[in-house]
Amino acid sequence: MDKTTIATPAQGADGAEKARKLAIIKKMKDDKLAMSKFFSGEVSIEEIHARGIKFIKPI
């Protein structure tokens, strides 16, 4: 007999939420790496702006 599990809507939503949070964390880590490369001179400001990262001048 083939045993399969069926996820309830609540379990499916939890999995989607966890995946969304993991995607946000991955993007943050990638952005941090890109900024580190920018400050070390490996990446240009145009590439940083293409990633959606903007630097502002403090007041």
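Once you have the Cα-Cα distance between ILE56 and ARG20, take 0.36 nm times their residue separation minus that, and quote the gain in nm to one decimal.
Full extension of this stretch gives 10.2 nm more.
Considering only Cα-Cα distances, which of the following residue pairs are longer than 20 Å: LYS26/LYS57; LYS26/LYS54; LYS32/LYS54; LYS21/LYS54?
Violating the 20 Å Cα-Cα cut-off are LYS26/LYS57; LYS21/LYS54.
Top to bottom by accessible area (1.4 Å), largest first, where do SER36, SER44 land?
Descending order: SER36, SER44.
The values are calculated or read from the model by the stated rules, or taken from the named source; none is laboratory data. Note that this is a predicted model, so its numbers are computed, not measured. The accessibility values were calculated without ligands, DNA or RNA, using every heavy atom of the protein model including side chains. Shrake-Rupley method; radii C 1.70, N 1.55, O 1.52, S 1.80 Å.
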